Amino acid sequence: MDKVRFGIVGIGNMGSGHAKTLLSGAVERAELTAVCDINPARLDWAKENLPETVARFDDAEKLYASGLVDCVIIATPHYFHPPLTIAAFKAGLHAICEKPAGVYTKQVLEMNEAAAKYGKVFSMDFNQRTNPCYQKLREMVRGGELGELKRVNWIITDWFRTQAYYNSGGWRATWAGEGGGVLINQNPHQIDLLQWTCGMPNRMRAFCQEGRFHDIEVEDSVTAYFEYPNGATGVFITTTGEYPGTNRFEVAGTLGKVVIEGTTLEFYKNEVSDEDFIKNAQGGFGRINNEKIVYEFPDRGPQHKGIMQNVVNAILDGEELLGNGVEGINGLQISNAMHLSSWLDQWVDIPVDADLYLAELQKRIDNSTFVKVVEEKTEDTSGTY
């Protein structure tokens, strides 16, 4: 094999974007050979906008069995991510799964087990991992440049959405159609980056406000407090109802502090460990000599194109995956913990109780406004984000 043939399942906003990227030639040694969607309107779009050489299917199993693809990109609504990815593995195909890995951890554990069983290349489309700002932070935390982790704060409130956005699809912002709100739709990348750079917290206390700013049944505002095994603490604040909003990520360690905003990383580097200084300084109001180092990055990295290229290289050359698919469950553990903590009004340990989470989620699915629509099979469930 000298080229990887891609199929895309779900050609809504994200899927059609991936199609354009592949057709542009931006991903070396890759070609788009097939697309699939259950929505006839999206297949009409494909007929009008994609070359005749790109086959069109109305069923994923037909695409999988066609022999036309080596790797599929799953870009459907969230609940379908695990079953469609598992089916791809069973068909002998490699897979890239859009975020999030799924809606609940029990479902994603099954996907990870299938990945191990069939041994295919499996990547999450964690395009934000290609951002040099976050790569630098991960290097500093993992390499010890920040010392021992003490505090993590991420304010990510620039996800502003209007009511018209939520009204654009009946599945949006419903427990049955989407499985959550701002945590499961907008924030999977940030939650993944949180654990990718700073590691997994071990317990969570969160407050999720459902429909605070919009006429929706799921959360559109979240404040969460979490703790790490070493005693470090964190706060995560997000919403789709605040404008202009903020995106500021702070990480403090015993050797200094990092602040990321935009494409700039500022490192406030301590001359000595603050813990040592606290114990040994003679004066009550001593200060540590501190140097400010600024890293400016020209862009946000190759993003989706970079993930696709990485997967092609992994298939053809054995390159290590940047967005290893089995790691998709890590961020979901965190968002599931936020939901469960808020629902139960109590602390929740991580990893979450998968059966308890599913039981609580099912209660909300049963009362969801999307249930009747699904039963009548009249709703568009194409992969539109």
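Using the 1.4 Å probe convention, the accessible area of the chain works out to 43 Å² per residue with neighbouring protein chains retained. The angle between the Cα long axis of helix 188-198 and the main principal axis of the chain comes to about 40°, on a 0 to 90 degree scale. Measuring between their Cα centroids, region 39-75 and region 176-206 lie 31 Å from each other. Ordered by solvent-accessible area of protein heavy atoms (1.4 Å probe), largest first, the residues Met140, Met1, Met14 come out as Met1, Met14, Met140.
In sequence order, region 202-217 has phi-based couplings of 10, 7, 9, 9, 10, 10, 10, 9, 8, x, 5, 10, 9, 7, 9, 9 Hz under the Karplus curve 6.51 cos²θ - 1.76 cosθ + 1.60, θ = phi - 60°, and Gly or Pro positions carry x.
Of the options Ala26, Gly306, Ile278, report the single residue whose Cα projects farthest towards the positive end of the charge dipole of the chain (beta-carbon charges: Lys, Arg +1; Asp, Glu -1). So the residue we want is Ile278. Mind jotting down the distance between the C-alpha centroids of region 116-146 and region 237-299, whole Å? Region 237-299 and region 116-146 have Cα centres separated by 21 Å.
Extension gain, Arg29 to Asn202: 0.36 nm times the residue separation minus the Cα-Cα distance gives 58.1 nm. In this structure, the amide hydrogen of Ala30, modeled 1.01 Å from its nitrogen in the peptide plane, lies closer than 5 angstrom to those of Val4, counting only residues at least 5 positions away or on a different chain. Of the listed residues Lys269, Lys136, Lys20, the order by accessible area with a 1.4 Å probe, largest first, is Lys20, Lys269, Lys136.
Which of Lys3/Lys106; Lys62/Lys99; Lys117/Lys150; Lys47/Lys106; Lys47/Lys99 have a Cα-Cα distance over 32 Å? Correct reply: Lys3/Lys106; Lys117/Lys150; Lys47/Lys106. For the chain, with all protein chains in place and a probe radius of 1.4 Å, 48% of the accessible heavy-atom surface sits on carbon or sulfur.
Ranked highest first by the average count of other Cβ atoms within 10 Å around their residues, in what order do 285-293, 112-120, 338-346 fall?
Per-residue Cβ counts within 10 Å, averaged per peptide and sorted highest first, yield 338-346, 112-120, 285-293.
Here is how the number arises for the chain: DSSP H runs of 4 or more residues each give -39500 (n - 2.57), the sum is divided by the residue count, and the result at 222 nm is -10500 deg cm²/dmol.
The values are calculated or read from the model by the stated rules, or taken from the named source; none is laboratory data. A quick note: this is a predicted structure, and the numbers were derived from the prediction, not measured. Positions of Cβ are generated from backbone atoms using ideal geometry, with glycine treated the same way; all protein chains shown enter the neighbour counts. Areas reflect the complete protein model, heavy atoms only, side chains present, ligands, DNA and RNA absent. Shrake-Rupley method; radii C 1.70, N 1.55, O 1.52, S 1.80 Å.
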